[in-house]
Each structure stands twice: as structure tokens, then as C-alpha cells.
1. Return the only residue of A:Q136, A:Q159 being of a type in the set (S, T, N, Q), more than 14 Å from chain B (Cβ to nearest Cβ) and free of Cβ contacts under 8 Å to residues at least 40 places away in the same chain.
2. Is it true that some residue in the range A:297-309 is under 17 Å from A:L488 (Cα atoms) and surrounded by fewer than 18 Cβ atoms within 10 Å (Cβ to Cβ)?
3. Taking the condition of being more than 28 Å from the chain's Cα centre (by Cα) and loosely packed, with under 13 Cβ neighbours inside 10 Å, how many residues in the range B:197-211 meet it?
4. Has the range B:189-196 got at least one residue that is free of Cβ contacts under 8 Å to residues at least 12 places away in the same chain and surrounded by fewer than 16 Cβ atoms within 10 Å (Cβ to Cβ)?
5. Is it the case, given these coordinates, that A:I45 is aliphatic (A, V, I, L, M) and under 20 Å from B:K13 (Cβ atoms)?
6. Within the range A:212-239, count every residue that is among the aliphatic types (A, V, I, L, M), under 21 Å from A:M33 (Cα atoms) and crowded, with 22+ Cβ neighbours inside 10 Å.
7. Looking only at the range A:78-96, count every residue that is within 25 Å of A:F137 (Cβ to Cβ) and either without any contact (Cβ under 8 Å) to a residue 24 or more places away in the chain or among the hydroxyl-bearing types (S, T, Y) (or both) and tell me the total.
8. Condition test on A:F8, is it farther than 21 Å from A:A242 by Cβ, facing chain B (nearest Cβ under 8 Å), assigned to a helix (DSSP H, G or I) and not charged (D, E, K, R)?
Protein chains: 2
Amino acid sequence: MERKEQEFLAYLKEISSIEQAVALLAWDARTLMPEGSSDFRSESIGYLSGLQFEMKQSGKMKQFIQAFEGKENTLGEVARCSLAEVKKNYELNSKLPKEELEAYIKASNTSENLWGTVRANDDFATFEPHLDTLIQFNKKFIDYWRKDEKTPYDVLLNQYEPGMTVEILDDVFSKLRAGIIALMDKIKTQGTPPRTDFIEQYMSKEDQRAFSEAVIKKMGYRFEEGRLDDTIHPFMQSVNRADARITTRWNENFFKMAIFGIIHEAGHGIYEQNVSPKWDYTPVSGGVSMGIHESQSLFHEIVIGSNRSFWQSNYDLLKKHAHGNLDEIDFDTFYRGLNETKASLIRVESDTLTYPLHIIIRYEIEKMIFNGEVATKDLPQIWNDKYEEYLGIRPANNREGILQDIHWAGGSFGYFPSYALGFMYAAQLKASMEKEMDISAILATDDYHQIREWLTDKIHQYGKSKTPSELMMAATGEVLNPQHLLDLQAKIYGDVYQF
Amino acid sequence: MERKEQEFLAYLKEISSIEQAVALLAWDARTLMPEGSSDFRSESIGYLSGLQFEMKQSGKMKQFIQAFEGKENTLGEVARCSLAEVKKNYELNSKLPKEELEAYIKASNTSENLWGTVRANDDFATFEPHLDTLIQFNKKFIDYWRKDEKTPYDVLLNQYEPGMTVEILDDVFSKLRAGIIALMDKIKTQGTPPRTDFIEQYMSKEDQRAFSEAVIKKMGYRFEEGRLDDTIHPFMQSVNRADARITTRWNENFFKMAIFGIIHEAGHGIYEQNVSPKWDYTPVSGGVSMGIHESQSLFHEIVIGSNRSFWQSNYDLLKKHAHGNLDEIDFDTFYRGLNETKASLIRVESDTLTYPLHIIIRYEIEKMIFNGEVATKDLPQIWNDKYEEYLGIRPANNREGILQDIHWAGGSFGYFPSYALGFMYAAQLKASMEKEMDISAILATDDYHQIREWLTDKIHQYGKSKTPSELMMAATGEVLNPQHLLDLQAKIYGDVYQF
């Protein structure tokens, strides 16, 4: 058995070597690649992605799974956890007929490529049949995949966030929505709006970069195991544990965007950099779920990034990089203006308070699509009505409405809730961390290592060896609880809007 | 047969997709990769290199070769030329026993990794047994490979430069050496040395980059199909025809280094960018040999880069980027100082006149190793004696002597002559081009397209579909002739040293 275990791990290492190459090819395509190379790159990524997929679904892999069946406990920890991960994916993929999967990949590529154009042209009519095709594919796949999940949509939720259900989310989101809307109302009726004009003061890209790099280094992002590059749609790409690259875009007249964007991506990078090396070259390496991954990016962006002490201790550095442009702004004015909240139509431009509402709208629509009876052509109307109801603003067109996100165009349904889970997990982790240390006192110094170490201890190190709910229970002693996010929001906005 | 041909081309495309990934992984490792990732990267490159090697030597490939045997003329041009290339490599690799090849790769990796340390410590004694192991391996491989080559060393020469022999090189190099030494003597006795102090004027990295980019764009390097990044040991890496990346290092007090280095690498890049698209995804794509590749880098660096009109028309731009630091230097003083020649101990720091002597020394030593009787331990002494004899300077230690280059440490024997061939080919091409156009007149303008097009027409487009000698015969009407390089050197240095 021991030899078989070695062979299994060696095979996983081969797959990982290919995945690392694909990760670099993809990162390069989104950052530095000369435009002329894009067709070649698609070929290369397509072939190698197919190759690693085939290796995961091969007869050889099946033999490993069968050989270890019932003998999981004789395996070492790394092989045992890897096997569980391998098996889960093997079964998921085995259930889809090859021709249908290939047709689906083709359809989602087409639709994703079309998305840029239809969004620019505000043309939902052209997009609708493509979107509908993807929905029908997903409905069929749900039938193939479904075991004991209560509703069809649960099947999708469970794939992005193992263990997540409509039952849990309905409850959590209704509390969250009510709490956020109540707080928005309070801000509107009792709040004193902050001054915000200085947020558009000029700061050069180089200065924004220098400030952001200094700050994320303090947070624990290691440049010896990462990089920061320019891109159009910012992302973090880990090639492996020791190579977690982050990206940003810049606006020299809106420094908030890059600074918070970089902090957010650094949070993702810090997670990847601190997964235990014992999982290297196995499918257990890397973050466990989208929701937990977002909890790490948002812990840095929201929990640290909205902390008064953090900004107080870094404001001099920021002013230095503003070369006089912020000298007239006292710290309190700066801090309050930085944390303004304002309902927006666009998810990626929204703030800590309103962001979850954007997600709840998408969640409710996805639930209608897969559990209810809704025609694809009616989705824009439903979208716009919900924005008006929850956020008090109505999109004037589909470009700033249903066409704003690429996710559905690429066939990603059930993914959006992860963002809101990330907010709630981050706030819940913060509440637990607070019991062991004074976060604000730490952020008033230049040494944040206790915070990073707590997160590594509770979350990062485990990779995919524990489920999201296992991690949250062990770290916080309770299941998902939206109250922590509502408490955090109340604290931030009570301070900023002075009530 | 047609279906078999399609399958063959599809298989080559798969191999090419892997090779492109390996090329990007390698480029990234030498430019941007975070240091922490280096072990992961070695694994990834190692696995994928092995995979493409296996695919080239597979039973499947053997079947293609057998199926097309004697039916080459029924194949289309692309498949036919690809088959010839595939067959050549298949046979070469098939002749080496797998265990010996693996042992050799291991030994050369060890030796290459050791090289940095022994060079720094000036420690040939530690290096000697490793070097000797590589030599013995190569001697054995030569026995496996040798067909009708006249001497063992011919086998190695032929691998880097198809058709090249000791007989040709002995003749060519003796003429070249005599001519260069005579010219060096003339410069010493009759020349007026140029003023050179201004070469060390400060020029920022950004200014050097802006000037170099402007110049290589005029030469025809396309940034839509390339990039320029920083590195330690400059190189060009083509990921594919539309992605030929160049690199450089900088010295802000010695602008010559980066400017000529960038022009050199751009010459390599221009070659790759202009190989005909019909060879895409086949082994025919890319440059035909090291020697021809160097002819393209050196055509740009030496032929264009030493041209008086070229510098006259670009001097104002350079002065602009020097921000006043060159204002006191009139053009004639500048041009002459730029082209100073001075014997140096280090190959990569040498100039257009003395460079070939560095190669001839290495050629003669390699010939002694493989055709003669020389003990590895005696090589430093031989090296130093030859430097004294040909260049009039003697290395004080092995760091600036035999340990200066990485090539032998990596097992590359027979490779060095390519550099000298590149010089001679470049000058020979120039002489032919001159018959069709006035190169200096073109370089006095900002539109060099005729030059680039001539090179594409005669060299670039063919990829590996013609041999170096076929290309040179068709382009210049004669076999390798060292007189053209001697003529070019006489012209440049007669002008610079005023005799």
C-alpha cells in the first residue's frame, strides 16, 4: 500500500506541475502578455487545461480511488486528505456526459466573449438566448449531480461553498438585509454626512504603489513570494504557495480604489502564502472555498481597512505620498470621508454597508432561476425592481443593471453568495480574534504579526483539509452568524455618521 | 494519408502547446518570478520538459515517422518539413540510452549549479571533476551519434550549426584570426585613439529605455508581439512567433551596455517575429541555428549599430535623453568614442573587433578536448596561454579565465563557434544587401523597413525549413566567407582610429 500511496502522490505532483503552468499562462495573459500572442495563449491554456482534466478523470486516477477504497485510514494525512478532494471532483465530473460538458464549455466561452460587446451596447436581447442556454445546461447538470440536496439551487451553492444551503442563506440573508436597510435608514435620517471632496485629490501611481506596498507588507504579504502588477480587472493568482501574485488598476484622481483594491488582493495572497507546505503539490493546497477566500481579502479590506487606529497610524505616510495634497485635511475628516457610504448601481463600486445587498439581489434571482419559474427574458425587469426596492435606486439600462457582471455570462451560478459569506465570515472572525487581542491597539503600532498569525493558525494553514463550516466552528465557536457583520457596520457608520 | 497528416500536425500542436508553456515558465523564472517560487518552478519546468521530450520520442511519433517513410512527397509542405525536423531529433535522441541521458542531465544540472560558486571562489580544482564528467559523457554520446563526420568534434558542431565542420572552421578561423590580429596591430601602431570619457556619463534607466525602445521600433521590433524586461543575464525568449520577449540589464553610468544589449536582443526578436505563420505550432518555427540567430542579433548590433549614419540620425534623440550630459560632445567625437576597441579578458565585455578571438580560443580548446589528447586539469593553462598569444593579455585567475562562461558547465560544447559564425554571416549578409540598397542612406532616415524586409525575405520567413548554408547561398551567392567581416572591421576601425 505504501508504494501505491507514493505513486498516488507522484501522480498528483504531475497534475500540480501542469496546473502551475496553466496558472502562470493565465496570469501572464491578464497582465503582461503582448496582445499578438492571445490566440497562441488560448491554444496553450486549452490544451494544458484539458490535459490536467483528463489526468484527474483518467483510468489511472480511478484505479487509485478504487485501491484506497475502505483503506483511507492506512494512508498518511496528506494522501488521505488529497484522496478525499480527488474523489469529490472525480465523482462530480464523472456524472457529466463528455459531449454535454464539451458543448457547455464551448457555449460558456462564446457567451463570455459576447458579454463585453452586449454590455457595451446595452443589448440584453442578443445576450438572452446565450444566457438561457447556460441556464438550461446548469439545470441539466444539477439533475446529474443532485444527491440529497433539498432544492436544485442547493446543488450549486454546495459546489462553491461546501455545506451551504438555501435554508441557511434564506435565514441569514433576511436578517442581514433587514439590518442593513435599517442602518441605511438611520444614516439617512440621523447621520451627519462626512466631507469627501479630498478623496479625489491627485496621487501619482508611484505614490499609491509605495503606500500600498508598505501597508500590505505590514499586514504580512510577502513580496519574496508574490508580486504586484497592473491589470484591467484586478485579481490574485497563485501559481503555488510561494508565488501568490496580486494585481491592481490605478486612478490617480481616486486613490481609494487602488489602495483598497491592493489590500483586498493582498488578503487573498496572504491566505495562499500561509497554507501549510505539507499540502504542496496536492489538491489540498490553496484556499478551501470562495467564501473563506473572500473572508481573508475582506478581513484585510474591511476589518483592518475601516479601523480608525490603522488609518491614524498610517495617515502620515499617506500624506507624505500625497505631497501636500492632504495637508489641509485633519485626520478625523479624512477617516470619516474615507468611509462614506452611498448606494450605487454597480456592485464593484459599492461600499462595506451596501455591498451585501447587491449579493442578496443576485442570490434571490439565482434561486428563482433554479428553484422557481422565471423566464430568462424577464430577468432585467426583476433585477431593476429589486435594486429599487433594496437600494432605492433603479438602473436606467441593462449595462448598469443585469449586464454589469461577467459571472453569469461565464456560466457561474451559485458563486455570488460567496462574496456576502466573505463579509460575514470576516466580521465573525474579527469578533473572535478580539477576545484574544486588542486589534485596534495592534493596528496602532507597526507590528501586525499577531493578527496574521491568528488567521494562519485558524484558517490559512489548513488549505482544503477542513470544510468552511469546520473552520468557522473551530475558529469562532459558532456557525455562520450575520450579527457580527451588522455589529461591525453599526460601529463603523455610527462613528463616521456621528450618531 | 491525409487523415494521418492531420493527426500528425495535431500531435505537433500539442507538443508546441507544452513547449510554449515551458518557454513562459523559463522566461518568468529569469525575469519576474518571486524568489520563493524557484523550487516549484524547477519541478514544473522539469515535468513539462520531460513530457514534451517523451511525446517527441513516443511510440506514437515513431508510428508517424514509419507511416510517412518514402511518402514524404505526398505530404503538404508544412507536414513534410516538420517531419524532417522531427525525424532528425528522434534519431538523435533514440541513439542515447535513457539511463545515460538521465545521468547526463543530472550531472549537467549539478555542474551548472556549482558553476556560480566555483567562479566566485576562483576554484577550478573543485570544478574539474564535474567538467571532466561532462566531457566524458559527450565523448560517449559522440560515439553513439557519429555517422560520416570526419572528426568527433564535427559531430557536435553539426548539431548546433547543421553542415558545419572542423575543415571549414579551421580555414575560416585562421583567416579571421590573422586578419583581426593584423588590424589590431595597425590600430596600435598607426591609430589615433578616440576620446571615451563621456561614455560613462550618467543616463537614467528610464532614458536609456526610452531611447532604446525608439531605436528598436525603427528597426522593426514589434512591441505588440514582444516585451522588454529586466534581468541579470540578458536573453531573448520567444514563447511563440507573436511573443518574442527581450531582456536587458542596466548601468546608469555606462549607457552603451543596455543600448547595444537591447539592440542585440531585438535582432533575435525580429527574427522570431518574422518567421512565416505557416510554420506555427510546428518544430519548423523559430530560428534555424544558433549561428543564423546570432547573425540577426549581430546584424542589428554590429552592422546597424556601428553605422555612422545610424548614429548621426539618432544622436539628437540620445542627447535629449542625456539631459545635457552629452551636449559638449560633438557627433564625430561621440561616434568614435562609441566604437573604441580594447582587448578584454571577458568575452561578454569585448568589442566587434576582438570578440571573434575569444571564440577562436574556445573553438581551439574544444577541438583539443574532443579530437586531441588533453587532460581537463591542463585546460586553465592552455586557456591563459592562448589569451596571451592572441589578445596580448593574460588572465590573473580562472574567474576571469576559463571559469567566466556558463556554457561548458552546462555541457554545451560546440556551441561557442556559433557566435563567431553570427559575426561572419552578419557581415556577409550586409555585403549582399548593399548591392540592392544604400544601407547608410536608409539609416540616415527614420524608415528602415527595407532592411527589415530584406532580412525577412532572405532569412526570417523560412524558420528551420532551410539549412544555414542553403540560406546563406541563396542570400549571398557564396559559402561562408570571413573576408566580409574583415572588410567591415577595417571600415569601422579605419574611420574610428583615423588611418
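1. Values: A:Q159 fails: free of Cβ contacts under 8 Å to residues at least 40 places away in the same chain.
Among A:Q136, A:Q159, only A:Q136 is of a type in the set (S, T, N, Q), more than 14 Å from chain B (Cβ to nearest Cβ) and free of Cβ contacts under 8 Å to residues at least 40 places away in the same chain.
2. Going through the range A:297-309, the residues under 17 Å from A:L488 (Cα atoms) turn out to be A:297-309.
Restricting the remaining residues to those that are surrounded by fewer than 18 Cβ atoms within 10 Å (Cβ to Cβ) gives A:309.
Scanning the range A:297-309, I find at least one residue that is under 17 Å from A:L488 (Cα atoms) and surrounded by fewer than 18 Cβ atoms within 10 Å (Cβ to Cβ), so the answer is yes.
3. Selection size over the range B:197-211: 2.
4. Within the range B:189-196, the subset free of Cβ contacts under 8 Å to residues at least 12 places away in the same chain is B:189.
Right, trim to surrounded by fewer than 16 Cβ atoms within 10 Å (Cβ to Cβ) and you get B:189.
Taking every residue of the range B:189-196 in turn, at least one turns out to be free of Cβ contacts under 8 Å to residues at least 12 places away in the same chain and surrounded by fewer than 16 Cβ atoms within 10 Å (Cβ to Cβ).
5. On the way: aliphatic (A, V, I, L, M): yes; under 20 Å from B:K13 (Cβ atoms): yes.
So A:I45 fits the description; yes.
6. Going residue by residue through the range A:212-239, those that are among the aliphatic types (A, V, I, L, M) are A:214-216, A:219, A:228, A:232, A:236, A:239.
Filter once more, so that each one left must be under 21 Å from A:M33 (Cα atoms): A:228, A:232, A:236, A:239.
If we keep only those that are crowded, with 22+ Cβ neighbours inside 10 Å too, we end up with A:236, A:239.
So the answer is 2.
7. Summing the residues that are within 25 Å of A:F137 (Cβ to Cβ) and either without any contact (Cβ under 8 Å) to a residue 24 or more places away in the chain or among the hydroxyl-bearing types (S, T, Y) (or both) in the range A:78-96 gives 5.
8. Working: farther than 21 Å from A:A242 by Cβ: yes; facing chain B (nearest Cβ under 8 Å): no; assigned to a helix (DSSP H, G or I): yes; not charged (D, E, K, R): yes.
When the stated conditions are applied, A:F8 does not pass them.
FYI, it's all coordinate maths here, none of it is from the lab. Bear in mind the structure is a predicted one, so any value in this text is a computation, not a measurement. Cβ coordinates were reconstructed from backbone atoms using ideal geometry, including for glycine residues, and neighbour counts include every protein chain displayed.
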